[in-house]
Amino acid sequence: MKGPTMTRMAVAGALAAALTVLAAGAAPAQESPPAPAPPVENGGAPPGLATLPTTLAGAAGSWDFSLDGGRRRCVLTLALEAGPSGRVARFPAGCRRALPLMAGIGGWLFTDEGLRLVDRNLRPVLAFARSPDGMSLSATAENGERYNLVPLQIAAMQPPAAPGTAAVTPAAQGEAAEKPAEPPGPGPALGLYALDRAEQKDVCRLEFSGPVEAGKDTAPVRVLPDCRDSGITVFDPVSWRFANGHLTLKARRGHAVNLVAIGEGRWRRDPEIGASLVLRKVEP
């Protein structure tokens, strides 16, 4: 009987020793600290989300402008070009009905305090600051309403240059500057145009005339009778201008719409926001 008993004791001892070795090997893995989390960028937003601007150039582009807690919203385009009230801010005419506060916006500014929408006298209408989520800007109006700006396609969202991209040297910049810029296409021919919007055809007709006086950069345009689009009649364009490849229709009250040529005597709104808007040359 001693033989089998001794054998069982030897096996038990070997198993105990093996378990001790396994436990000793597992302990360091359990005690090691977890791997550090990747750094959080973009002001608190997880990597890969839209970046909010920190410079004037980074703020230029398209934004989603909305009233907090409501469904009313509009696409607001902030341009870098200078206007009579800071930088130029563009939005569809229908935004003034959806968000009446926008009727008082004359332009925008970017300061150390943040992005501001201002009236025609450069007084702030909304002073935006970074939201706690780091993904949008927010501001409170004088009446207590809160508005949000979410970047749609702004310069700050553009990806950085890929690693290994050759830097542009001053000499290369000089060579590029010496190359003549491609001339813009010709301006619109004088005469009759149809204005198509929202899949409708010939809802309004506009007559483009030549300059009244030599040396002026604008020329008259008028909406012909029987226009079937109330938005166009309210806009009431009275003059047009062509410069740098853009056709600008200016309203009696000072508002403007920019268009670019798309060929065959046709022009479309630029940027393409809101309802479609196409101007095309027609015969009388």
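The values are calculated or read from the model by the stated rules, or taken from the named source; none is laboratory data. Since the structure is predicted, the reported quantities are computational estimates derived from the model, not experimental observations. Virtual Cβ from ideal backbone geometry, glycine too; neighbours counted across all protein chains shown. Side chains included, ligands, DNA and RNA excluded: accessible areas come from the protein's heavy atoms. Shrake-Rupley method; radii C 1.70, N 1.55, O 1.52, S 1.80 Å.
Quick notes
- Residues GLU283, GLU142 ordered from highest to lowest accessible area at a 1.4 Å probe: GLU142, GLU283.
- Once the Cα-Cα distance is subtracted from the 0.36 nm per residue extended length, the ALA82 to THR54 segment shows a gain of 8.2 nm.
- FRET efficiency, ASN121 to ALA251 (Cβ-Cβ, R0 25 Å, nearest 0.05): 0.80
- Entry note, the stretch 47-141: relative contact order of 19 percent, from Cα contacts under 8 Å with a spacing of 6+ residues.
- Full-extension gain in nm, LEU190 to ASP133, via 0.36 nm per residue minus C-alpha separation: 15.3 nm
- Here the calculated FRET efficiency for GLU113 and ASP68, from their Cβ-Cβ distance with R0 = 25 Å, stands at 0.80, rounded to the nearest 0.05.
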